[in-house]
Amino acid sequence: MSTPEFQNIEFQNRVNEVDYFFSCLETLYEFFDQKQSKALKNKLVGSELNHSDFMIILKSNGYLMLYNLIESTVRSLIQRVYDEITIQRLGYKDIRQELQKLWINVSYDSLGHTTTNFDQHKNKAKEMIGFVINEEKIVLTEKDISLNGNIDFRSIKDIFRNHGLTVPNDHGARVGAGLKEIKDKRNTIAHGNMSFIDSARDTTLSDLLVYKEEIIDYLSKLNRNVTNFIDTQNYKTHIT
């Protein structure tokens with residue numbers, strides 16, 4: 001049985017970091033609108049950049065922080081399910097169909113996509129059949145969670161569905177757009193396709209704040225869904 005208070009600590013700590021960052025960003029914007037900010041503005045003037053450019057760079061970092069929160073949360077939620085399977089020492093026949101299919105894919109993928117040797121495929125099938133017959137225990141780990149830096153609204157739904165989990169329908173109107181925007185901006189920055197300034201030049205702080213609030217609310221609901229999934233032992237084939 002899971003303990004929600006314990007399970008929420010990592011998520012809450014990351015949310016606190018994000019909230020603190022955006023609170024400081026808002027405070028800076030308010031300060032730079034005041035006359036007494038002139039001295040600091042002058043200190044932030046470089047050969048080509050100034051305080052306005054600094055604020056845009058901070059907004060780009062906001063995208064990175066939000067993406068980090070999204071991916072780490074999804075990863076940790078799926079890991080909670082895997083941990084429960086390990087703790088309960090469940091075998092193939094003990095877990096629900098979606099998780100059985102997932103284990104088959106993970107096990108077979110260990111051959112590698114370039115494998116063409118028929119005997120290797122045959123031996124892997126024999127090994128997996130023996131695993132099921134002998135009622136060996138399922139072990140799924142973090143490396144089996146495929147995210148690839150492309151988490152958005154659709155991929156979250158796919159990941160959850162593939163594990164037999166449900167996603168909330170009562171989310172904010174801009175959650176989907178926010179998740180896609182954050183993923184796209186994060187990728188352009190991380191892959192060096194755009195500079196920090198170019199990535200967030202047309203981004204308003206108010207848009208980022210709306211995305212932040214709705215996404216944190218959405219992730220909190222995902223968290224509750226996974227907690228309920230574990231508490232009701234819905235990862236099992238038959239609930240007793």
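The values are calculated or read from the model by the stated rules, or taken from the named source; none is laboratory data. Fair warning: this is a prediction, and the values are worked out from it, not measured in the lab. In this analysis, Cβ positions are derived from the backbone assuming ideal geometry, glycine residues included, and neighbour counts consider all displayed protein chains. When the accessible area is computed, the model is the full protein with side chains, heavy atoms only, and any ligands, DNA or RNA have been set aside. Shrake-Rupley method; radii C 1.70, N 1.55, O 1.52, S 1.80 Å.
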Using a 1.4 Å probe on heavy atoms of the protein chains only, the accessible area for ILE9 in Å², nearest 10, reads 90 Å²
How large is the helix-only mean residue ellipticity at 222 nm for the chain, computed as the sum of -39500 (n - 2.57) over DSSP H runs with n ≥ 4, divided by its residue count, in deg cm²/dmol to the nearest 500? -22500 deg cm²/dmol
Mind running the shape call on segment 67-166? Use the C-alpha gyration tensor, a ≥ b ≥ c as the square roots of the eigenvalues: rounded below 1.5 for a/c, prolate if a/b tops b/c, oblate otherwise. oblate
Accessible surface of the chain, 1.4 Å probe, proportion on carbon and sulfur as whole %: 51 percent
Mean Cβ count within 10 Å, highest first, over the residues of peptides 223-236, 132-145: 223-236, 132-145
Averaged per residue, the 1.4 Å probe accessible area of segment 126-196, protein heavy atoms only, in Å², is roughly 59 Å²
For a protection proxy built on the mean count of beta-carbon atoms within 10 angstrom, sort 94-106, 207-219, 164-176 highest first, please. 207-219, 94-106, 164-176
Where does each of ASP152, ASP19 land when they are ordered by accessible area, with a 1.4 Å probe and the largest first? ASP19, ASP152
With r as the distance between the Cβ atoms of HIS191 and ARG89 and R0 = 45 Å, compute the FRET efficiency 1/(1 + (r/R0)^6) and round to 0.05. 0.60
Rounded tilt (10° steps) of 153-162 against the dominant C-alpha axis of the chain: 20 degrees
So which of LYS212/LYS236; LYS35/LYS185; LYS157/LYS236 end up more than 23 Å apart by C-alpha? LYS212/LYS236; LYS35/LYS185
Compute the long axis of helix 118-133 from its Cα atoms, compare it with the longest principal axis of the Cα atoms of the chain, and write down the angle in degrees, 0 to 90, nearest 10. 80 degrees
Take PHE32, PHE153, PHE118 and sort them by solvent-accessible surface of the protein heavy atoms, 1.4 Å probe, largest at the top. PHE118, PHE153, PHE32
Could you work out how far helix 175-190 tilts from the main Cα principal axis of the chain, as a 0 to 90 degree angle to the nearest 10? 80 degrees
Per residue Cα convex hull volume in Å³ - calculated over the chain: 145 Å³
